[in-house]
Amino acid sequence: MGLKDHFEARRDFWLIVLNGALFIFAFSFISPGTVLSAFVYQLTGSSLYVGLANALLGVGWFWPQIFISHVVQHRRRKMPFYRLSVFLRVGWMATMTLLTFLLGGTHPRTFFWAFLFLLFLYTSSGGIAMVPWADIVGKVVPPEERAKLFSLRQFYGGILAFLAGFVVKYVLSEESGLSFPYNYGVLFVISTVFVVVGLWAFLLVREPVHPVPERKNSFWEHMTDGPRLLRRDPDYRRYLLARVFWTFGMMGVPFYVPYAIDELGSHPSMAGTFLSVSMASQVLSNLIWGRMGSRGILTAGTLLVSLGALWAGTVKFLPEGAREYGFLLTFVAGGAGVTAINVANIAYLLEIAPSKIRPTYVGFVNTFAAPLTFVPLLAGFLVRYISYPSLFLVSSSFGLASFLTTLTLSKDRASQG
(Lines give C-alpha, C1' and ligand atoms only; values in the text may rest on other atoms or scores of the structure.)
Protein backbone atom coordinates (compact mmCIF):
# COMPACT_ATOMS: atom_id res chain seq x y z
CA MET A 1 0.00 0.00 0.00
CA GLY A 2 1.40 3.39 -1.06
CA LEU A 3 1.55 6.44 1.19
CA LYS A 4 -1.50 7.98 -0.51
CA ASP A 5 -3.53 4.77 -0.13
CA HIS A 6 -2.49 4.50 3.51
CA PHE A 7 -3.56 8.09 4.16
CA GLU A 8 -6.92 7.53 2.46
CA ALA A 9 -7.49 4.31 4.40
CA ARG A 10 -6.85 6.07 7.73
CA ARG A 11 -9.00 9.00 6.65
CA ASP A 12 -11.89 6.67 5.80
CA PHE A 13 -11.44 4.78 9.09
CA TRP A 14 -11.77 7.95 11.15
CA LEU A 15 -14.65 9.28 9.06
CA ILE A 16 -16.56 6.09 9.90
CA VAL A 17 -15.67 6.54 13.58
CA LEU A 18 -16.89 10.15 13.40
CA ASN A 19 -20.05 9.02 11.64
CA GLY A 20 -20.85 6.58 14.45
CA ALA A 21 -19.93 8.88 17.33
CA LEU A 22 -22.01 11.75 15.98
CA PHE A 23 -24.96 9.49 15.26
CA ILE A 24 -24.89 8.10 18.80
CA PHE A 25 -24.73 11.69 20.04
CA ALA A 26 -27.64 12.76 17.83
CA PHE A 27 -29.74 9.74 18.80
CA SER A 28 -29.22 10.45 22.52
CA PHE A 29 -31.44 13.54 22.17
CA ILE A 30 -34.35 11.31 21.12
CA SER A 31 -33.27 8.29 23.17
CA PRO A 32 -36.06 5.66 23.02
CA GLY A 33 -35.73 4.57 26.64
CA THR A 34 -35.85 8.09 28.06
CA VAL A 35 -36.57 11.14 25.88
CA LEU A 36 -38.86 9.53 23.31
CA SER A 37 -40.78 7.56 25.95
CA ALA A 38 -41.27 10.64 28.12
CA PHE A 39 -42.38 12.70 25.09
CA VAL A 40 -44.96 10.16 23.94
CA TYR A 41 -46.26 9.64 27.49
CA GLN A 42 -46.67 13.38 28.09
CA LEU A 43 -48.35 13.71 24.71
CA THR A 44 -50.81 10.82 25.09
CA GLY A 45 -50.79 9.71 28.72
CA SER A 46 -50.70 6.11 27.47
CA SER A 47 -48.06 3.50 28.32
CA LEU A 48 -49.39 1.42 25.42
CA TYR A 49 -48.48 4.18 22.96
CA VAL A 50 -45.04 4.42 24.55
CA GLY A 51 -44.51 0.74 23.85
CA LEU A 52 -45.88 1.13 20.33
CA ALA A 53 -43.49 3.98 19.51
CA ASN A 54 -40.48 2.04 20.78
CA ALA A 55 -41.51 -1.11 18.91
CA LEU A 56 -41.91 0.82 15.64
CA LEU A 57 -38.34 2.06 15.99
CA GLY A 58 -37.06 -1.49 15.76
CA VAL A 59 -39.48 -2.69 13.12
CA GLY A 60 -38.79 0.31 10.91
CA TRP A 61 -35.06 -0.31 11.15
CA PHE A 62 -35.17 -3.98 10.18
CA TRP A 63 -38.00 -4.59 7.70
CA PRO A 64 -36.52 -2.92 4.55
CA GLN A 65 -33.20 -4.71 4.67
CA ILE A 66 -34.17 -7.90 2.86
CA PHE A 67 -35.56 -5.76 0.02
CA ILE A 68 -32.69 -3.30 -0.25
CA SER A 69 -30.16 -6.14 -0.11
CA HIS A 70 -31.77 -7.57 -3.25
CA VAL A 71 -31.54 -4.18 -4.99
CA VAL A 72 -27.89 -3.46 -4.16
CA GLN A 73 -26.43 -7.01 -4.21
CA HIS A 74 -25.19 -6.82 -7.81
CA ARG A 75 -24.33 -3.08 -7.79
CA ARG A 76 -20.64 -2.26 -7.88
CA ARG A 77 -21.19 0.92 -5.89
CA LYS A 78 -23.53 1.15 -2.92
CA MET A 79 -22.93 4.77 -1.90
CA PRO A 80 -25.73 6.17 -4.15
CA PHE A 81 -28.26 4.14 -2.15
CA TYR A 82 -26.81 5.39 1.12
CA ARG A 83 -26.99 8.93 -0.26
CA LEU A 84 -30.68 8.44 -1.06
CA SER A 85 -31.32 7.28 2.50
CA VAL A 86 -29.59 10.41 3.81
CA PHE A 87 -32.04 12.69 2.00
CA LEU A 88 -34.96 10.59 3.24
CA ARG A 89 -33.80 10.45 6.86
CA VAL A 90 -33.03 14.16 7.10
CA GLY A 91 -36.33 15.01 5.41
CA TRP A 92 -38.44 12.89 7.75
CA MET A 93 -36.55 14.11 10.82
CA ALA A 94 -36.93 17.76 9.82
CA THR A 95 -40.66 17.23 9.17
CA MET A 96 -41.15 15.63 12.60
CA THR A 97 -39.38 18.57 14.19
CA LEU A 98 -41.41 21.16 12.30
CA LEU A 99 -44.73 19.48 13.14
CA THR A 100 -43.75 19.39 16.83
CA PHE A 101 -43.71 23.20 16.83
CA LEU A 102 -46.74 23.63 14.55
CA LEU A 103 -49.18 20.98 15.84
CA GLY A 104 -47.79 19.48 19.04
CA GLY A 105 -49.28 22.10 21.33
CA THR A 106 -52.60 22.62 19.55
CA HIS A 107 -53.64 19.25 18.12
CA PRO A 108 -51.81 16.63 20.22
CA ARG A 109 -53.77 13.57 19.10
CA THR A 110 -53.54 14.38 15.40
CA PHE A 111 -49.91 15.27 15.83
CA PHE A 112 -49.15 12.01 17.65
CA TRP A 113 -50.31 9.81 14.79
CA ALA A 114 -48.46 11.98 12.26
CA PHE A 115 -45.37 11.85 14.48
CA LEU A 116 -45.62 8.06 14.80
CA PHE A 117 -45.92 7.67 11.02
CA LEU A 118 -42.94 9.96 10.38
CA LEU A 119 -40.90 8.17 13.05
CA PHE A 120 -41.56 4.89 11.27
CA LEU A 121 -40.51 6.43 7.93
CA TYR A 122 -37.37 7.84 9.55
CA THR A 123 -36.26 4.51 10.99
CA SER A 124 -37.23 2.71 7.77
CA SER A 125 -34.90 5.07 5.91
CA GLY A 126 -32.22 4.00 8.38
CA GLY A 127 -32.98 0.40 7.48
CA ILE A 128 -32.46 1.24 3.82
CA ALA A 129 -29.07 2.74 4.72
CA MET A 130 -27.90 -0.19 6.81
CA VAL A 131 -27.15 -2.66 4.00
CA PRO A 132 -25.09 -0.33 1.77
CA TRP A 133 -23.41 1.13 4.86
CA ALA A 134 -22.34 -2.31 6.10
CA ASP A 135 -21.06 -3.33 2.67
CA ILE A 136 -19.01 -0.14 2.32
CA VAL A 137 -17.54 -0.60 5.81
CA GLY A 138 -16.72 -4.20 4.92
CA LYS A 139 -14.85 -3.04 1.81
CA VAL A 140 -13.03 -0.12 3.45
CA VAL A 141 -12.01 -1.54 6.84
CA PRO A 142 -9.82 -4.68 7.04
CA PRO A 143 -11.22 -7.52 9.19
CA GLU A 144 -8.52 -7.12 11.83
CA GLU A 145 -9.51 -3.47 12.44
CA ARG A 146 -13.31 -3.78 12.53
CA ALA A 147 -13.66 -4.52 16.25
CA LYS A 148 -11.44 -1.51 16.97
CA LEU A 149 -13.55 0.61 14.63
CA PHE A 150 -16.84 -0.24 16.32
CA SER A 151 -15.26 0.09 19.75
CA LEU A 152 -14.02 3.61 18.97
CA ARG A 153 -17.44 4.59 17.61
CA GLN A 154 -19.02 3.43 20.87
CA PHE A 155 -16.26 5.01 23.01
CA TYR A 156 -16.46 8.53 21.59
CA GLY A 157 -20.21 8.29 21.06
CA GLY A 158 -20.64 7.25 24.68
CA ILE A 159 -18.70 10.27 25.91
CA LEU A 160 -20.78 12.60 23.75
CA ALA A 161 -24.01 10.89 24.86
CA PHE A 162 -22.98 11.38 28.49
CA LEU A 163 -22.55 15.12 27.84
CA ALA A 164 -25.85 15.21 25.94
CA GLY A 165 -27.58 14.04 29.11
CA PHE A 166 -26.84 17.37 30.75
CA VAL A 167 -28.29 19.26 27.78
CA VAL A 168 -31.43 17.10 27.84
CA LYS A 169 -31.84 17.65 31.58
CA TYR A 170 -31.58 21.43 31.20
CA VAL A 171 -33.87 21.74 28.16
CA LEU A 172 -36.59 19.67 29.84
CA SER A 173 -36.27 21.50 33.16
CA GLU A 174 -38.23 24.57 34.22
CA GLU A 175 -34.99 26.57 34.14
CA SER A 176 -35.00 26.52 30.34
CA GLY A 177 -38.30 28.41 30.23
CA LEU A 178 -39.54 26.10 27.46
CA SER A 179 -43.01 24.59 27.76
CA PHE A 180 -44.21 21.24 26.39
CA PRO A 181 -43.91 20.23 23.57
CA TYR A 182 -41.55 22.99 22.45
CA ASN A 183 -38.84 21.80 24.84
CA TYR A 184 -38.82 18.46 23.04
CA GLY A 185 -38.90 20.31 19.72
CA VAL A 186 -35.60 21.94 20.66
CA LEU A 187 -34.11 18.51 21.35
CA PHE A 188 -35.36 17.32 17.96
CA VAL A 189 -33.67 20.33 16.32
CA ILE A 190 -30.35 19.49 17.99
CA SER A 191 -30.71 15.84 17.01
CA THR A 192 -31.47 16.76 13.39
CA VAL A 193 -28.37 18.97 13.14
CA PHE A 194 -26.03 16.22 14.35
CA VAL A 195 -27.79 13.57 12.24
CA VAL A 196 -26.94 15.72 9.21
CA VAL A 197 -23.31 16.11 10.23
CA GLY A 198 -22.92 12.42 11.09
CA LEU A 199 -24.43 11.25 7.80
CA TRP A 200 -22.36 13.78 5.87
CA ALA A 201 -19.19 12.34 7.41
CA PHE A 202 -19.93 8.92 5.93
CA LEU A 203 -20.70 10.42 2.51
CA LEU A 204 -17.04 11.53 2.41
CA VAL A 205 -15.81 7.92 2.64
CA ARG A 206 -14.14 6.70 -0.56
CA GLU A 207 -15.92 3.54 -1.67
CA PRO A 208 -13.66 1.05 -3.51
CA VAL A 209 -15.03 -1.15 -6.27
CA HIS A 210 -15.03 -4.88 -5.46
CA PRO A 211 -16.30 -7.85 -7.49
CA VAL A 212 -20.06 -8.49 -7.32
CA PRO A 213 -22.25 -11.34 -8.61
CA GLU A 214 -22.55 -11.15 -12.39
CA ARG A 215 -26.21 -12.18 -12.49
CA LYS A 216 -29.02 -10.52 -10.58
CA ASN A 217 -31.26 -13.11 -8.95
CA SER A 218 -35.02 -12.75 -8.93
CA PHE A 219 -36.51 -11.60 -5.65
CA TRP A 220 -37.82 -15.09 -4.97
CA GLU A 221 -34.33 -16.54 -5.51
CA HIS A 222 -32.99 -13.86 -3.20
CA MET A 223 -35.53 -14.77 -0.51
CA THR A 224 -34.48 -18.42 -0.66
CA ASP A 225 -30.80 -17.48 -0.41
CA GLY A 226 -31.11 -16.72 3.31
CA PRO A 227 -32.33 -20.16 4.45
CA ARG A 228 -29.86 -21.79 2.06
CA LEU A 229 -26.97 -19.82 3.56
CA LEU A 230 -28.10 -20.77 7.06
CA ARG A 231 -27.97 -24.44 6.12
CA ARG A 232 -24.61 -24.12 4.39
CA ASP A 233 -22.75 -21.81 6.80
CA PRO A 234 -22.65 -23.09 10.40
CA ASP A 235 -21.16 -19.83 11.70
CA TYR A 236 -23.97 -17.82 10.15
CA ARG A 237 -26.51 -20.20 11.70
CA ARG A 238 -24.88 -20.14 15.13
CA TYR A 239 -24.48 -16.35 15.02
CA LEU A 240 -28.21 -15.95 14.35
CA LEU A 241 -29.07 -18.38 17.16
CA ALA A 242 -26.78 -16.51 19.55
CA ARG A 243 -28.44 -13.24 18.51
CA VAL A 244 -31.89 -14.63 19.33
CA PHE A 245 -30.64 -15.83 22.72
CA TRP A 246 -28.91 -12.56 23.66
CA THR A 247 -32.00 -10.55 22.71
CA PHE A 248 -34.02 -12.57 25.22
CA GLY A 249 -31.06 -12.33 27.59
CA MET A 250 -31.44 -8.54 27.61
CA MET A 251 -35.24 -8.47 27.99
CA GLY A 252 -34.97 -7.67 31.69
CA VAL A 253 -32.81 -4.57 31.18
CA PRO A 254 -35.71 -2.06 30.84
CA PHE A 255 -37.07 -3.27 34.18
CA TYR A 256 -33.95 -2.83 36.32
CA VAL A 257 -34.87 0.72 37.39
CA PRO A 258 -38.59 0.00 38.05
CA TYR A 259 -37.47 -2.98 40.18
CA ALA A 260 -35.07 -0.81 42.17
CA ILE A 261 -37.79 1.77 42.83
CA ASP A 262 -40.65 -0.64 43.51
CA GLU A 263 -38.89 -3.35 45.51
CA LEU A 264 -35.44 -2.17 46.61
CA GLY A 265 -36.69 1.14 48.00
CA SER A 266 -34.64 3.35 45.69
CA HIS A 267 -35.70 6.95 45.19
CA PRO A 268 -36.55 7.77 41.54
CA SER A 269 -33.56 10.13 41.43
CA MET A 270 -31.34 7.05 41.85
CA ALA A 271 -32.06 6.37 38.18
CA GLY A 272 -29.50 9.07 37.40
CA THR A 273 -26.87 7.19 39.38
CA PHE A 274 -27.71 3.92 37.65
CA LEU A 275 -27.48 5.66 34.26
CA SER A 276 -24.13 7.23 35.11
CA VAL A 277 -22.66 3.91 36.28
CA SER A 278 -23.94 2.14 33.17
CA MET A 279 -22.56 4.87 30.87
CA ALA A 280 -19.17 4.85 32.62
CA SER A 281 -19.02 1.07 32.27
CA GLN A 282 -19.91 1.31 28.58
CA VAL A 283 -17.27 3.94 27.82
CA LEU A 284 -14.43 2.37 29.83
CA SER A 285 -15.09 -1.18 28.63
CA ASN A 286 -14.49 -0.04 25.05
CA LEU A 287 -10.84 0.39 25.98
CA ILE A 288 -10.78 -3.41 26.38
CA TRP A 289 -13.08 -4.42 23.53
CA GLY A 290 -11.00 -2.57 20.95
CA ARG A 291 -8.07 -4.90 21.67
CA MET A 292 -9.98 -8.15 21.20
CA GLY A 293 -11.32 -10.13 18.25
CA SER A 294 -15.03 -9.89 17.45
CA ARG A 295 -15.79 -13.47 18.49
CA GLY A 296 -14.07 -12.96 21.86
CA ILE A 297 -15.99 -9.73 22.42
CA LEU A 298 -19.30 -11.47 21.74
CA THR A 299 -18.40 -14.24 24.18
CA ALA A 300 -17.42 -11.77 26.91
CA GLY A 301 -20.44 -9.57 26.27
CA THR A 302 -23.02 -12.34 26.46
CA LEU A 303 -21.43 -13.67 29.66
CA LEU A 304 -21.55 -10.21 31.27
CA VAL A 305 -25.19 -9.72 30.23
CA SER A 306 -26.04 -13.09 31.79
CA LEU A 307 -24.15 -12.33 35.01
CA GLY A 308 -25.73 -8.88 35.29
CA ALA A 309 -29.22 -10.36 35.03
CA LEU A 310 -28.31 -13.14 37.48
CA TRP A 311 -27.07 -10.59 40.00
CA ALA A 312 -30.25 -8.53 39.55
CA GLY A 313 -32.29 -11.62 40.34
CA THR A 314 -30.40 -12.43 43.53
CA VAL A 315 -29.54 -8.99 44.96
CA LYS A 316 -32.64 -9.11 47.19
CA PHE A 317 -30.82 -11.67 49.36
CA LEU A 318 -28.24 -9.04 50.41
CA PRO A 319 -28.71 -7.22 53.73
CA GLU A 320 -31.36 -4.55 53.30
CA GLY A 321 -28.94 -1.63 53.59
CA ALA A 322 -26.63 -3.05 50.94
CA ARG A 323 -29.17 -3.94 48.26
CA GLU A 324 -29.43 -0.57 46.53
CA TYR A 325 -25.70 -0.02 46.12
CA GLY A 326 -25.03 -3.70 45.51
CA PHE A 327 -27.47 -3.39 42.63
CA LEU A 328 -24.98 -1.04 40.94
CA LEU A 329 -22.98 -4.12 39.90
CA THR A 330 -25.85 -5.06 37.61
CA PHE A 331 -25.32 -1.82 35.70
CA VAL A 332 -21.56 -2.31 35.61
CA ALA A 333 -21.92 -5.78 34.08
CA GLY A 334 -24.91 -4.91 31.92
CA GLY A 335 -23.40 -1.71 30.56
CA ALA A 336 -20.16 -3.42 29.57
CA GLY A 337 -21.97 -6.47 28.21
CA VAL A 338 -24.46 -4.61 26.02
CA THR A 339 -21.66 -2.42 24.65
CA ALA A 340 -19.58 -5.48 23.82
CA ILE A 341 -22.48 -6.98 21.88
CA ASN A 342 -23.04 -3.69 20.06
CA VAL A 343 -19.35 -3.56 19.12
CA ALA A 344 -19.01 -7.15 17.92
CA ASN A 345 -22.45 -7.80 16.45
CA ILE A 346 -21.87 -6.24 13.03
CA ALA A 347 -18.11 -6.79 13.19
CA TYR A 348 -18.52 -10.56 13.39
CA LEU A 349 -21.25 -10.59 10.75
CA LEU A 350 -18.93 -8.72 8.35
CA GLU A 351 -16.16 -11.16 9.22
CA ILE A 352 -18.10 -14.25 8.17
CA ALA A 353 -19.93 -12.71 5.19
CA PRO A 354 -18.28 -13.43 1.79
CA SER A 355 -17.60 -10.06 0.18
CA LYS A 356 -19.56 -10.75 -3.04
CA ILE A 357 -22.79 -11.53 -1.19
CA ARG A 358 -22.27 -9.41 1.93
CA PRO A 359 -25.56 -7.49 1.41
CA THR A 360 -27.49 -10.77 1.45
CA TYR A 361 -25.83 -11.83 4.71
CA VAL A 362 -26.60 -8.48 6.35
CA GLY A 363 -30.08 -7.96 4.92
CA PHE A 364 -31.45 -11.40 5.64
CA VAL A 365 -30.25 -11.73 9.22
CA ASN A 366 -31.41 -8.22 10.16
CA THR A 367 -34.84 -8.70 8.62
CA PHE A 368 -35.15 -12.03 10.43
CA ALA A 369 -34.35 -10.17 13.65
CA ALA A 370 -37.25 -7.71 13.18
CA PRO A 371 -39.73 -9.73 15.34
CA LEU A 372 -37.17 -9.66 18.16
CA THR A 373 -37.91 -5.96 18.62
CA PHE A 374 -41.11 -7.02 20.37
CA VAL A 375 -39.24 -8.98 23.06
CA PRO A 376 -39.35 -6.04 25.55
CA LEU A 377 -43.13 -5.89 25.07
CA LEU A 378 -43.29 -9.62 25.77
CA ALA A 379 -41.24 -9.07 28.91
CA GLY A 380 -43.59 -6.29 30.00
CA PHE A 381 -46.51 -8.68 29.61
CA LEU A 382 -44.64 -11.46 31.39
CA VAL A 383 -43.67 -9.37 34.41
CA ARG A 384 -47.36 -8.88 35.19
CA TYR A 385 -47.57 -12.59 36.06
CA ILE A 386 -44.13 -13.34 37.51
CA SER A 387 -41.88 -11.34 39.82
CA TYR A 388 -39.08 -9.05 38.66
CA PRO A 389 -36.37 -11.39 40.04
CA SER A 390 -37.96 -14.32 38.19
CA LEU A 391 -37.87 -12.33 34.95
CA PHE A 392 -34.20 -11.49 35.54
CA LEU A 393 -33.32 -15.14 36.14
CA VAL A 394 -35.11 -16.15 32.93
CA SER A 395 -33.12 -13.43 31.14
CA SER A 396 -29.91 -14.74 32.68
CA SER A 397 -30.67 -18.25 31.40
CA PHE A 398 -31.03 -16.96 27.85
CA GLY A 399 -27.84 -14.95 28.26
CA LEU A 400 -26.02 -18.10 29.34
CA ALA A 401 -27.39 -19.95 26.30
CA SER A 402 -26.08 -17.15 24.10
CA PHE A 403 -22.67 -17.32 25.79
CA LEU A 404 -22.44 -21.07 25.19
CA THR A 405 -23.49 -20.59 21.55
CA THR A 406 -20.81 -17.96 20.92
CA LEU A 407 -18.19 -20.45 22.11
CA THR A 408 -19.03 -22.59 19.06
CA LEU A 409 -18.36 -19.74 16.59
CA SER A 410 -15.21 -19.87 14.49
CA LYS A 411 -12.48 -17.56 15.73
CA ASP A 412 -10.77 -15.02 13.44
CA ARG A 413 -12.51 -16.26 10.34
CA ALA A 414 -11.67 -14.11 7.33
CA SER A 415 -14.24 -13.26 4.67
CA GLN A 416 -13.86 -15.21 1.50
CA GLY A 417 -14.81 -14.45 -2.08
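Assess whether Leu372 counts as being in contact (Cβ under 8 Å) with a residue 40 or more places away in the chain and out of contact with any Gly (no Cβ under 9 Å at 6 or more places or on another chain).
No.
Return yes or no: is Gly177 under 16 Å from the mean Cα position of the chain (by Cα) and not β-branched (Val, Ile, Thr)?
Here the answer is no, as Gly177 does not meet what is asked.
Could you tell me whether Val141 is surrounded by fewer than 24 Cβ atoms within 10 Å (Cβ to Cβ) and touching an Asp or Glu at 6+ places or on another chain (Cβ under 9 Å)?
Numbers: surrounded by fewer than 24 Cβ atoms within 10 Å (Cβ to Cβ): yes; touching an Asp or Glu at 6+ places or on another chain (Cβ under 9 Å): yes.
When the stated conditions are applied, Val141 passes them.
Output the residue which, of all residues in the range 388-412 that are open to solvent by 50 Å² or more (accessible area, probe 1.4 Å) and assigned to a loop (DSSP other than H, G, I, E, B), is modelled with the lowest pLDDT.
The extreme case among them is Asp412.
Quick one: His210 ticks every box in (1) open to solvent by 10 Å² or more (accessible area, probe 1.4 Å); (2) over 25 Å from Leu88 (Cα atoms); (3) at pLDDT below 85; (4) assigned to a helix (DSSP H, G or I) bar one, so which box is it?
Only one criterion is unmet by His210, namely (4).
With (1) within 27 Å of Lys411 (Cα to Cα); (2) touching a Ser or Thr at 6+ places or on another chain (Cβ under 9 Å); (3) at pLDDT 85 or above as the list, and Leu284 as the residue in question, which single condition is left unmet?
(2)
If you check every pair at least six apart or on different chains, which have Cβ atoms under 9 Å apart with a residue in the range 188-202 that is within 14 Å of Ser31 (Cβ to Cβ) first and a residue that is part of a helix (DSSP H, G or I) and of a type in the set (Ser, Thr, Tyr) second?
Final answer for the pair search is Phe188/Thr97; Phe188/Thr100; Ser191/Ser28; Ser191/Thr97.
Restricting to the range 314-364, count the residues that are part of a helix (DSSP H, G or I) and within 29 Å of Gly127 (Cα to Cα).
29
Looking at Leu163 and the list (1) at pLDDT below 85; (2) over 27 Å from the mean Cα position of the chain (by Cα); (3) surrounded by fewer than 17 Cβ atoms within 10 Å (Cβ to Cβ), which single condition is not satisfied?
Of (1) at pLDDT below 85; (2) over 27 Å from the mean Cα position of the chain (by Cα); (3) surrounded by fewer than 17 Cβ atoms within 10 Å (Cβ to Cβ), only one is false for Leu163: (2).
Would you check which residues across the range 213-263 are in a loop (DSSP other than H, G, I, E, B), of a type in the set (Asp, Glu) and modelled with pLDDT under 85 and list them?
Glu214
I'm trying to understand the selection: among the residues of the range 101-122, which are closer than 22 Å to Val86 by Cβ and open to solvent by less than 50 Å² (accessible area, probe 1.4 Å)?
Hits for the range 101-122 are Phe115, Leu118, Leu119, Leu121, Tyr122.
Name the residues in the range 314-350 that are open to solvent by 30 Å² or more (accessible area, probe 1.4 Å) and among the hydrophobic types (A, V, I, L, M, F, W, C), would you?
Here is the first cut: in the range 314-350, the ones open to solvent by 30 Å² or more (accessible area, probe 1.4 Å) are 314, 316-325, 328-329, 332, 338, 342.
Phe317, Leu318, Ala322, Leu328, Leu329, Val332, Val338 - these are the residues of the range 314-350 that are open to solvent by 30 Å² or more (accessible area, probe 1.4 Å) and among the hydrophobic types (A, V, I, L, M, F, W, C).
Going residue by residue through the range 293-313, is there one that turns out to be without any contact (Cβ under 8 Å) to a residue 60 or more places away in the chain, exposed (fewer than 15 other Cβ atoms within 10 Å of the Cβ) and not basic (Lys, Arg)?
no
Report yes if Ala38 is open to solvent by less than 10 Å² (accessible area, probe 1.4 Å), at pLDDT below 90 and at negative phi, otherwise no. Write out each step before concluding.
Numbers: open to solvent by less than 10 Å² (accessible area, probe 1.4 Å): no; at pLDDT below 90: yes; at negative phi: yes.
Against the criterion (open to solvent by less than 10 Å² (accessible area, probe 1.4 Å), at pLDDT below 90 and at negative phi), Ala38 does not qualify.
With respect to Met96, determine if the residue is closer than 25 Å to Phe81 by Cβ, modelled with pLDDT of 90 or more and of a type in the set (A, V, I, L, M).
Yes.
I'd like to check something: does the range 303-321 contain any residue that is under 27 Å from Ile352 (Cβ atoms) and polar (S, T, N, Q)?
Yes, some residue in the range 303-321 is under 27 Å from Ile352 (Cβ atoms) and polar (S, T, N, Q).
The values are calculated or read from the model by the stated rules, or taken from the named source; none is laboratory data. As the structure is a computational prediction, the values presented were derived from the model and not from experiment. Glycine gets a Cβ as well: all are built from the backbone with ideal geometry, and neighbour counts include every protein chain shown. Ligands, DNA and RNA are stripped out before the accessible areas are found, and what is left, the full protein with its side chains, is counted by its heavy atoms. Shrake-Rupley method; radii C 1.70, N 1.55, O 1.52, S 1.80 Å.
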